[in-house]
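First comes the structure, then the notes that go with it.
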């Protein structure tokens, strides 16, 4: 993982050293690296990180985590003069779109600074630091089997913590009420696969009336299945022939794991393809990325779709894959509209141009914490966000 052939270089005790650089974002290895340990102050670390110098940690692992928290506090609570400037910028921003791009820039800057604290990973994925946890199982889940004969590698501590956190969520799972009674109602997200934490869009799929057609055998498609949660909901509703697609190998492995856990592997066929499989379906379900903007990490592809490529491809291809009398369920938030990234009339025009018409729409309000967080830069847009299930059918002229 990381930029192909990317190597990190540093000097230690007068000896030039190097290691493989790991980055989920495929970021280039830092060009400036210094050693840091328990004697390195947070102010010094913050100054170096802001200047683009990475800190390769040689001290206590727990202290490295504390340093990361201290850096986050300095980023999130800047000096008073910078806070005043930020408030003024928010006040004078001429559009929600401007605030969105400022938010994305701030996120990228935060990730860059926090990513400057590095730790060394041994060939077997062990971390040879005092009080370091055993991260080997989590790293194996995220990166595949270790190569004991391989060399050491270096990763940002923040990314390593993301790997261990993902492993914990994978073990625990997320309860999905639409899948029935506990305990057999959990989805276990894998590292790098979007977690189905926002339940409102799942409930829309769980409650919409399934279209009745004359197709024999009745087939449903789940386009961009991710964790497999929507395919599982359709299977729980009694559909016996579901084809779930995704381009990402991690997503397909995650969906396969979840469907096997739920005993639905015979109802759902997984295929690695871009959007549609071959054939026709009476029901096509898709929850595409909601924001037409550039993702900065693989997992962000579930949220950001540069230029709205996936949405456009979905709409364009629907009529060729809908069985007579079938429906497509497009699950889409209107957050992009409130941020000025897409207009409602553009969406409706794209639907019409694709030879489709809206047979109905079911709306729901968000329940996630950010919808009520006034400190969030995008709060004004999130507070009025609506998530909809658009029922699309082919027009008679098709």
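FYI, it's all coordinate maths here, none of it is from the lab. Here the structure is a predicted model, which means the values were calculated and not measured. Note that we place each Cβ from the backbone using ideal geometry, even for glycine, and neighbour counts take in every protein chain shown.
Some values worked out for this structure:
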| read-out | value |
| --- | --- |
| Helix axis angle, 80-92 relative to the chain longest principal axis, alpha carbon, degrees | 20 degrees |
| Residues residue 184 and residue 136, FRET efficiency given R0 of 25 Å [Cβ-Cβ distance, rounded to 0.05] | 0.25 |
| Residues 24, 269 arranged by fewest to most Cβ contacts within 10 Å | 269, 24 |
| Antiparallel bridge percentage (DSSP; both residues within segment 245-398; nearest 5) | 65 percent |
| By average C-beta atoms within 10 angstrom, highest first, the peptides 280-287, 174-181, 101-108 | 280-287, 174-181, 101-108 |
| For 329, 57, order by how many other beta-carbon atoms lie within 10 Å, fewest first | 329, 57 |
| Antiparallel DSSP beta bridges within the chain, as percent of all bridges there, nearest 5 | 50 percent |
| Fewest-first ranking of 193, 243, using other Cβ atoms within 10 Å as the exposure measure | 243, 193 |
| Computed FRET value (nearest 0.05) for residue 209 with residue 171, which takes r as the C-beta separation and R₀ as 30 Å | 0.25 |
| Modelled FRET efficiency - R0 41 Å, residue 108 with residue 17, Cβ distances, 0.05 increments | 0.90 |
| Alpha-carbon centroid distance for the pair segment 214-228 / segment 274-318, whole angstrom | 15 Å |
